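K.L.:
Got a structure for you, questions after.
Rule-based calculations on the coordinates, nothing more; no lab input. Bear in mind the structure is a predicted one, so any value in this text is a computation, not a measurement. Note that we place each Cβ from the backbone using ideal geometry, even for glycine, and neighbour counts take in every protein chain shown.
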Amino acid sequence: MSNNNDDHDDAEITPHEQQLPDRFVNPGLPAHQHRMADTDPKAAKRAERQVATLFTLSMAGTLLLLIAYFAVKLEYADLSFYEAANRLRLSNQLLGGGLAIALLGIGAGAVHWAKTLMPDEERVEYRHMQRGTDEERADAVSILQQGADESGIARRPLIRNTLIGAMALFPIPALVLLRDTGPMPGNKLSTTFWKTGMRIERDQPGGGALKASDLTIGSVVHVMPEGIEKTEHPLEERAKAAVLLIRLEEDLIAAEAEPGSYHGIVAYSKICTHVGCPVALYEQRTHHLLCPCHQSTFDVTQNCKVIFGPAKRPLPQLAITVDAEGYLVAKAPFSEAVGPSFWERG
Amino acid sequence: MTTTSTSPAAGVGNYLDERIGASKLTKTFARKIFPDHWSFMLGEIALYSFIILLLTGTFLTFFFIPSTGVTTYTGPYIPLQGQEVSEAFNSTMKLSFEVRGGLLLRQIHHWAALIFVVATIVHMFRIFFTGAFRKPRELNWMIGVTLALLAIIEGFLGYSLPDDLLSGNGLRIANGIVLAIPVVGSYVSFFLFGGEFPGEAFIPRIYTIHVLLIPGIMLALITFHLILVVVHKHTQYPGPGRTNDNVVGYPLFPIYTAKAGGFFFIVFGVTTVMAAFFTVNPIWLYGSYDPSPIGAGAQPDFYMGFLDGAVRLMPGFTEITAFGYTLSLNIAIAALVMPGIITTAAIAYPAIEAWATGDKREHHLLDRPRNVPTRTGLGMMALTFYVLLWISGGNDIIATHLHASINDITYSLRALVFILPPLVYVITKRICLGLQRKDREKVLHGRETGRVFRTEDGEVFELHAPLSAEDRWLLVQFENNYPVELEPATDASGVRRPHGLLDGMRQKLSRFYFEDRVEPVTPAELVAAQHHGHEELSASGGDKPAVTAGAGTSTH
Amino acid sequence: MTALAARRRHPLATALLVLLGLVITGAAYAAVLPGSADAAGTVTQDVAAGRKLFLANCSTCHGKNAEGRKEAPSLIGVGAAAVDFQVGTGRMPLAQNGPQAPQAPVRLTDQEISDLAAYVASLAPGPAIPDAAAVDPSTGDPSRGTLIFRTNCAMCHGAAGKGGALTRGKYAPSLTGSTNTHIYEAMVTGPQSMPVFNDMTIDPQAKRDVIAYLDTINQTPNPGGLSLGRIGPVSEGLVAWLVGLGLLLGFAVWLGAKSS
């Protein structure tokens, strides 16, 4: 820090109290320090070589990319899956590595050039106030006033008022044209695909209906109503009709859930009543259902009441029974809307 | 002016000058001075990331099909073979696995998006802590906050395009949040999604918004943002030779052409390194979106983490049902009201601080954060709040990796989010004031050298080297603001003044800001300290005396 | 002086000596320690020996006749598969109380596990230990397995089977490193918090498909580079901040610094 060669000794300055300024003054730009490349031509040459090396490295990188692009083909027909993944990984790394070297070479070279060889003496530029001079402001004001006078808008309120009316109205179609971006909700949010007597099927490739005896205590099966795949909008229906079948000890089922249960098997909507993620995590021992998105937790032994987390409403129960052949079916559709709450839900 | 040489460069120069006045442009812009500091590169990182996003994104659009139409996956990724997937997902898989450079460019695009937001956040906080948002740059600050918001939305839409299981569940959550809007929620949801969720309209619509609408708006805002930087000239850190009326640095051509131009290649290169060696958004592991399954670790990209965290922390009892209507305050407060308040507070901050200072001057010298303790404290408080919400968004990952209970983590964060920010404010402010006092000590008594001196009488003390004029200047140059003095709300006769209430609030705010302060050392104080101190041995102290007889600002 | 002796003061000499010492110690240790038992060894099933083991290791919590106590469930009907899984992964005998029994070093030998399993199986009918054919991934369809896995397993174990959080400190563990037999047994017996996926709800072929899926993704290298844990955007964000910002700030500081 004190590497200046001036021997001025601050401690010995005799102050003239009345001549001390209130505040320190700006000492001005510090003395310029030369870089090696400024004074030593060999250092400058070395810097030049370094910059050139970096630029050459960049060229090599581009070459690597081009070679890799044509040499590593993404043709997997004769490869095992493991080899295929490795081939793609290699391609990614070689193309990426080549491109990175190509780019970093140029960047580092340019920066190093500026740092070592371009002049680094600090220069000063002066700022101007953003505002105009008082004259310019006065001129601007008079221009605006004159222009307003020439337009006559102040003297012709009829023009002004109808102009305001026209400008206010014309943007409205922009909003109205958005009306057909979607249908009215109607009662879509309150109904699902489930109907009385619909068979409950496994949500798996191959599907398959279920009998009560297929579930043991501690089982959970992800199910869908039969025929949902053949609808016109299967994903939209699945987004509301996803249900969990759970079997637990009969005496653990809540009293209000008992009528809709069947021999210890209960069915609840899988769509979280918070913001709609699938509440798919079932903890067998505690009989809790956990939603992985925001950790809302529902207790199956309390009719899926919320016991933790940001959800409020319990998961709706799907009343179930068995049909004549012993397969589990829905006893009735959901008695309330499934999924996230909305204003008119009730 | 006639051309006197016939070189090609002269030909081009002449052509451009005669058509667009290139010589005048060159005169005005080529030697513009920009100051040098690494923290000024943060905005550049964001800018260059944006350009990288535009370039790589264009390539991606050549292969991506923005459609939810169902097709069968027949590509090389065995675990997905034969499955029914959407065209959007299929085209992204094809781009990744069957197009040379496709996976690389997809990953560059995603890493660039992450780095874009990272740089924007750090840049925003740098601007805040150094006071670069003050007059005349308030407009630029507002443009910047808007750009940050747009970047977050743009990123969310971008990673939702491949229609995979993880991002699809994110869209489900977005749909649930829209449904929670009071009165019109279900209508807005059906208009946005073209019907029920997921619908067939949403992917094509967010494609247009992501590829055309938001990039267009951002390009315009970024251009205006940069024009303002040129018009206002860049701010600079205080130091010897730097005043509020000048800019000290290096010229645009050739220094910054090389440095800033080179930095673009460096940003691009670093992003490419990450894309070459780190996997990002492996959609093949998630599979095509279906509303029934979900994977553990359901998080959005980090920049949405604060919203997700807020939603996780809200307790459920805040949803109210009455008269047949449901008001989901648990969702509305976390996902709609909170970000609205944060954005408004951010945009309004320059005006709030200007109101408290009553300062109408232009500011081109940056503040050292320690010299503005209240602002720094408020900024750290906001940062703490944001970071706590962000951490909440990953509470299940924290639970699995630290073997903790996710419920305990959530309860703790619910409390911390209110307790920690004010605590951080107080601690930060105290630290700033302490650092300022330390600066004063340094000026008055010099730098500790670590050399111990013993006099003949046995007195032992540490040598302090007085600061050079340049080093001292940095510590004493700042100007404090003082609480505004306004007339009381009622005058001597008890008559209420107009705006009296507002003035009263202003006075309170101003006192809150500037009551606690440390004054910079004055020459008189330094002289007084020198009289007291025997321990300052003569050491060369700067090439300019600290005290100049005669007035006059240094104009060097 | 030999060439070796002449180099005895070489800087690398110390490192080499330490390395040599470590190798010798390691070899000696490996030779002395009993090796791990073969997976498909010739273990017998001695119910009587199993009962003795049960009384020594399990009855304190599970009751003298495996009828269960307040702190531990009944083991009547859990089958040999449950024992093979719990004891074979070291979860049981439970070392210390916590939110759940974590995977731990296995404390019984294969023979002992087999005897114990035979004893518990003798108490009441339950799922048997699957044979090698039942858990053979080459007979499973990884694509079908993907669909079954993500509907039934991914929400707890993660899309790539890297684990996930449950409530109150419980968790679904990572599936990397689990044997195919243990995966099958866990599905069919539903250990601790895990639900029971018996053979009627997820049939044996479907279970093999799931095993094939896990086998495939665990063997497959990450095409994009380092996997960052396969836990999703959280680790990606962390890398963006630490690696991305770190590297770029490093370059920025270099750019702004004065050259020597």
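K.L.:
State the Cα centre-to-centre distance between segment C:131-197 and segment B:265-334 in whole Å.
P.N.:
Taking the Cα centre of segment B:265-334 as reference, the centre of segment C:131-197 is 25 Å away.
K.L.:
Per 5 Å bin, what is the whole-percent P(r) computed from every C-alpha pair distance within segment A:189-345?
P.N.:
2, 10, 21, 24, 22, 14, 6, 1, 0
K.L.:
Summing +1 for each Lys or Arg and -1 for each Asp or Glu, what net charge is found among the other residues whose Cβ lies under 14 Å from the Cβ of C:Gly237? Walk me through the numbers before you get to the answer.
P.N.:
On the way: positive: none; negative: B:Asp301, B:Asp308, C:Glu236.
Around C:Gly237, the surrounding residues sum to -3.
K.L.:
Treating only the Cβ atoms of Lys and Arg (+1) and Asp and Glu (-1) as charged, compute the dipole magnitude of segment B:266-425 about its Cα centre; round to the nearest 20 debye. Display every interim value, and only then the final one.
P.N.:
Numbers: 7 positive and 10 negative charges, 95 e Å.
Its charge dipole is roughly 460 debye.
K.L.:
Is it possible to state the helix-based mean residue ellipticity at 222 nm for chain C, with each DSSP H run of 4+ residues giving -39500 (n - 2.57), the sum divided by total residues, to the nearest 500 deg cm²/dmol? What is it?
P.N.:
Values: 12 runs with 124 residues, N = 260.
About -14000 deg cm²/dmol.
K.L.:
If you build a Gaussian network model of chain A, linking Cα atoms that sit under 10 Å apart, which residue out of A:Glu83, A:Glu226, A:Glu283 swings the most?
P.N.:
So, out of A:Glu83, A:Glu226, A:Glu283, the one fluctuating most is A:Glu83.
K.L.:
Okay, next question. Sequence gap at least 6, Cα distance under 8 Å: using those rules, report the relative contact order of chain B to the nearest whole percent.
P.N.:
RCO, chain B: 15 percent.
K.L.:
Rounded to the nearest 0.05, what FRET efficiency is calculated for A:Ala71 and B:Ala354 with R0 set to 60 Å and r the Cβ-Cβ distance?
P.N.:
Calculated transfer efficiency: 0.45.
K.L.:
Compare A:Ala255, A:Ala100, A:Ala154 in a GNM of chain A, Cα atoms joined below 10 Å, and give the one with the largest fluctuation.
P.N.:
Result for chain A, Cα springs under 10 Å: A:Ala100 fluctuates most.
K.L.:
Set the Förster radius R0 to 60 Å, insert the Cβ-Cβ distance between B:Leu219 and C:Ala104 as r into 1/(1 + (r/R0)^6), and round the FRET efficiency to 0.05.
P.N.:
For R0 = 60 Å, the calculated efficiency reads 0.55.
K.L.:
A:Val322: net charge of surrounding residues, Cβ under 12 Å, Lys/Arg +1, Asp/Glu -1, itself excluded?
P.N.:
In short, 0.
K.L.:
When DSSP beta bridges are limited to those with both residues in the protein assembly as shown, what percentage is antiparallel, rounded to the nearest 5? Intermediate values should be presented prior to the final figure.
P.N.:
Working: 53 of 56 bridges.
Antiparallel bridges: around 95 percent, rounded to the nearest 5.
K.L.:
Semi-axes of the equivalent ellipsoid of chain B: what are they in whole Å, largest first, if each equals the square root of 5 times a C-alpha gyration tensor eigenvalue?
P.N.:
Ellipsoid half-lengths, sorted descending, are 50, 34, 26 Å.
K.L.:
Another question, if that's okay. Out of A:Gly260, B:Val145, A:Gly197, whose Cα points farthest toward the positive end of the dipole of the protein assembly as shown (charges: +1 Lys, Arg; -1 Asp, Glu; placed on Cβ)?
P.N.:
Highest projection toward the positive end goes to B:Val145.
K.L.:
For chain A, find the longest principal axis of its Cα atoms and tell me its angle to the long axis of helix A:81-116, 0 to 90°, nearest 10.
P.N.:
20 degrees
K.L.:
Okay, moving on. Using the Kirkwood radius over Cα pairs, work out the Stokes-Einstein diffusion coefficient for the protein assembly as shown at 10 °C and 1.306 mPa s, in µm²/s as a whole number. Mind showing how you got there, number by number?
P.N.:
Numbers: Rh = 35.2 Å.
Reported coefficient: 45 µm²/s.
K.L.:
In peptide B:252-258, how many Cβ atoms from other protein chains are near each Cβ within 10 Å, on average?
P.N.:
Details: counts 0, 0, 5, 7, 2, 3, 11.
What the average comes to for B:252-258 is 4.
K.L.:
Given the pairs A:Lys240/A:Lys270; A:Lys211/A:Lys305; B:Lys438/B:Lys508; A:Lys73/B:Lys94; B:Lys438/C:Lys258; A:Lys240/C:Lys162, which are separated by over 18 angstrom at their Cα positions?
P.N.:
Over 18 Å apart, Cα to Cα: A:Lys211/A:Lys305; B:Lys438/B:Lys508; B:Lys438/C:Lys258; A:Lys240/C:Lys162.
K.L.:
Just to confirm the number: angle between the C-alpha axis of helix B:87-98 and the first principal axis of chain B, 0 to 90 degrees, nearest 10?
P.N.:
Computed tilt is about 70 degrees.
K.L.:
Separate question: At 222 nm, what helix-only mean residue ellipticity would chain B give, in deg cm²/dmol to the nearest 500, using -39500 (n - 2.57) for each DSSP H run of four or more?
P.N.:
Details: 21 runs with 314 residues, N = 556.
-18500 deg cm²/dmol, from helical runs alone.
K.L.:
Using +1 at the Cβ of each Lys and Arg and -1 at the Cβ of each Asp and Glu in segment B:42-367, identify which of B:Phe128, B:Ser160, B:Phe306 lies farthest towards the dipole's positive end.
P.N.:
Highest projection toward the positive end goes to B:Phe128.
K.L.:
Would you mind telling me which residue in A:Ile101, A:Ile246, A:Ile228 has the biggest mean-square fluctuation in a Gaussian network model of chain A, where springs connect alpha carbons within a distance under 10 angstrom?
P.N.:
The residue that fluctuates most here is A:Ile101.
K.L.:
Once both axes come from the Cα atoms, what is the angle between helix B:138-160 and the longest principal axis of chain B, in degrees from 0 to 90, rounded to 10?
P.N.:
On a 0 to 90 degree scale, this one is about 30.
K.L.:
So if I place +1 on the C-beta of Lys and Arg and -1 on the C-beta of Asp and Glu, and nothing else carries charge, what would the dipole magnitude of the protein assembly as shown be about its Cα centre? I want it in debye, nearest 20.
P.N.:
Roughly 700 debye for the protein assembly as shown.
K.L.:
Summing Lys, Arg as +1 and Asp, Glu as -1, what charge do residues with Cβ under 14 Å from the Cβ of B:Gly394 carry, B:Gly394 excluded?
P.N.:
With Lys, Arg at +1 and Asp, Glu at -1, the net is -3.
K.L.:
Follow-up question, since we're still on this one. Using the Cα centre as the reference, give the magnitude of the dipole from point charges on the C-beta atoms of segment B:42-367 (Lys, Arg: +1; Asp, Glu: -1; all else neutral), rounded to the nearest 20 debye.
P.N.:
Value, rounded to 20: 920 debye.
K.L.:
Here's another thing I want to ask about it. In whole percent, what relative contact order does segment C:132-219 give with Cα contacts below 8 Å and a gap of six or more residues?
P.N.:
Relative contact order here is 47 percent.
K.L.:
If packing is taken as the average number of other Cβ atoms within 10 Å across a peptide's residues, how do B:83-92, C:13-22 rank, most packed first?
P.N.:
Numbers: B:83-92: 22.8, C:13-22: 10.6.
The peptides rank, most packed first, as B:83-92, C:13-22.
K.L.:
Additional query: For segment C:41-116, which GluC sites (Glu not before Pro) pass both filters: DSSP loop (anything but H, G, I, E, B) and at most 16 other C-beta atoms within 10 Å? Display every interim value, and only then the final one.
P.N.:
Details: sites: C:Glu67, C:Glu71, C:Glu112; in loops: C:Glu67, C:Glu71.
Those that pass, being in a loop and sparsely packed, are C:Glu67, C:Glu71.
K.L.:
Output the Cα-based Rg and Dmax of segment C:47-123 in Å, rounding Rg to one decimal and Dmax to a whole number.
P.N.:
Answer for segment C:47-123, Rg first and Dmax second: 11.3, 33 Å.
K.L.:
Got the relative contact order for chain C handy, in percent, Cα pairs under 8 Å and 6 or more residues apart?
P.N.:
17 percent
K.L.:
Separate question: Could you please rank A:Thr297, B:Thr428, placing first whichever residue has the fewest other Cβ atoms within 10 Å of its Cβ?
P.N.:
In order of increasing Cβ crowding within 10 Å: B:Thr428, A:Thr297.
K.L.:
Just want the answer: with Cβ charges of +1 for Lys and Arg and -1 for Asp and Glu, which residue in A:Pro225, B:Ala334, B:Thr6 is farthest toward the dipole's positive end in the protein assembly as shown?
P.N.:
B:Thr6
K.L.:
Determine, for B:Ile127, B:Ile45, the number of other Cβ atoms within 10 Å of each Cβ, and report the residues in order from fewest to most.
P.N.:
Result, fewest neighbours first: B:Ile127, B:Ile45.
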